[in-house]
Amino acid sequence: MNTSTHPLITFIGGGNMASAIIGGLVRQGHPTSALQVVEPWDEQRAKLAQQFPGMTVLAAASGELKPSDLVVWAVKPQTFKDAAATARAHVEGALHLSVAAGITSDSIAAWLGTERIVRAMPNTPALVGLGMTGLMARPAVTADDKVLVERVVRTTGELVWVNVETDLDAVTALSGSGPAYVFYFLEAMRDAGARMGLAPDVAYQLAVGTFVGAATLAQRSEDPPQVLRERVTSKGGTTYAAITSMEASDMKALFEKALVAAQTRAAELGAEFGK
C-alpha cells in the first residue's frame, strides 16, 4: 500500500456513484492528486475535471495511470468485461472494489487475474452521504484491505458486510433497489393527497417529511417496526383503517414478491454479463 496517509485510488468509470465516492473522499481531506479516473465520455470527463481540480482524468486506461492501491470499478455490468480487458495490465497489484450490480467476484477474478476483490452494492442516497452499502470480500482480502475499503465506502454513508456472496443479490433487492421503492410510495402519497384536495407540492412535502421522520425514529429507537407501527395504530382509528385496507390487499406479500423479483434479476445479471 502507498506509504503516504492517502492511498492512490483509481476509478474505472466516472458516473454518479464514482462522483459520490470521490466527493466524499475529497470532503474528508483526500487530495485530488491521489485520485485518478478513467471515463470515456467527453462531457462527464470535463465535468469531473472541473469539479475536482488536480485529479487525473483519462479517456481510457493506459500507461498514464499511476500504480494504484485501490481500483474502484464503477462501470455498468454489461461493460465490465471489456473495461477489465483494457485496464488489467495497468492496475496490477491493486486491491479491487466493484460496485457493478450482479457481476460475481469469480468473473472479476478471472478477468483481472487477482483474488483481492471486494464486491459492493451501494445505493443512490450515497449521492447525499446517506447511502447504505453491502460488502463481500474474497478470502484473499486482508484485514488492512477491508479497513481501506471501509474508509472509502463510509464517505457515502453506512455499510454492512455479508459472508456469502449470493447474499449480495438480496442486498441488491433490499437496499440497492430500495430507494426506488421509497420514491414509488412518495409518488403514490403525493398523488393520493392531490386527489384528496391538497396541492401536489404540499402533499409531496408532507410525504417526504413523513418518510424522513419515520425512518429517523426507527433508526434511533430500540423497538422493532411492529411496535412502532402499533403505537400509531389505535383500533378503530384512521391509521387502523389504512393498515386494515393494506392487509386486505395482502400488500406485504406483494411487496415481498417484488423484492424477490429484484433478487432474481440481480443473479441473472451475473449470469448474463459475467461470462
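Only one entry in PRO77, PRO67 is surrounded by fewer than 21 Cβ atoms within 10 Å (Cβ to Cβ), of a type outside the set (A, V, I, L, M, F, W, C) and touching a helix residue (DSSP H, G or I) at 6+ places or on another chain (Cβ under 6 Å), namely PRO77. When restricted to residues that are touching a Gly at 6+ places or on another chain (Cβ under 6 Å) and touching a residue at least 24 places away in the same chain (Cβ under 8 Å), the range 22-68 contains 4. Can we say SER62 is of a type outside the set (Asp, Glu), farther than 27 Å from THR5 by Cβ and either at pLDDT 95 or above or in contact with a Lys or Arg (Cβ under 9 Å, 6 or more places away or on another chain) (or both)? Against the criterion (of a type outside the set (Asp, Glu), farther than 27 Å from THR5 by Cβ and either at pLDDT 95 or above or in contact with a Lys or Arg (Cβ under 9 Å, 6 or more places away or on another chain) (or both)), SER62 does not qualify. Report, by residue number, each residue of the range 176-197 that is over 24 Å from the mean Cα position of the chain (by Cα) and surrounded by 13 or more Cβ atoms within 10 Å (Cβ to Cβ). Selection gives MET189, ARG190, ASP191, GLY193, ALA194.
In the condition set (1) free of Cβ contacts under 8 Å to residues at least 60 places away in the same chain; (2) outside any strand (DSSP E or B), MET17 is compliant with all but (1). Here is the figure for the range 235-260: residues that are small (Gly, Ala, Ser), under 21 Å from THR172 (Cα atoms) and loosely packed, with under 12 Cβ neighbours inside 10 Å total 1.
Residues in the range 173-203 that are closer than 17 Å to PHE255 by Cβ and without any contact (Cβ under 8 Å) to a residue 24 or more places away in the chain: ALA180, PHE183, TYR184, GLU187, ALA188, MET189.
For the range 106-145, the candidate set comprises residues that are assigned to a helix (DSSP H, G or I) and within 17 Å of the chain's Cα centre (by Cα); within that set, the residue that is surrounded by the fewest Cβ atoms within 10 Å (Cβ to Cβ) is VAL128.
The values are calculated or read from the model by the stated rules, or taken from the named source; none is laboratory data. Since this is a predicted model, take the numbers as computed values, not measurements. For neighbour counting, all protein chains shown are included, and Cβ atoms are generated from backbone atoms with ideal geometry for every residue, glycine included.
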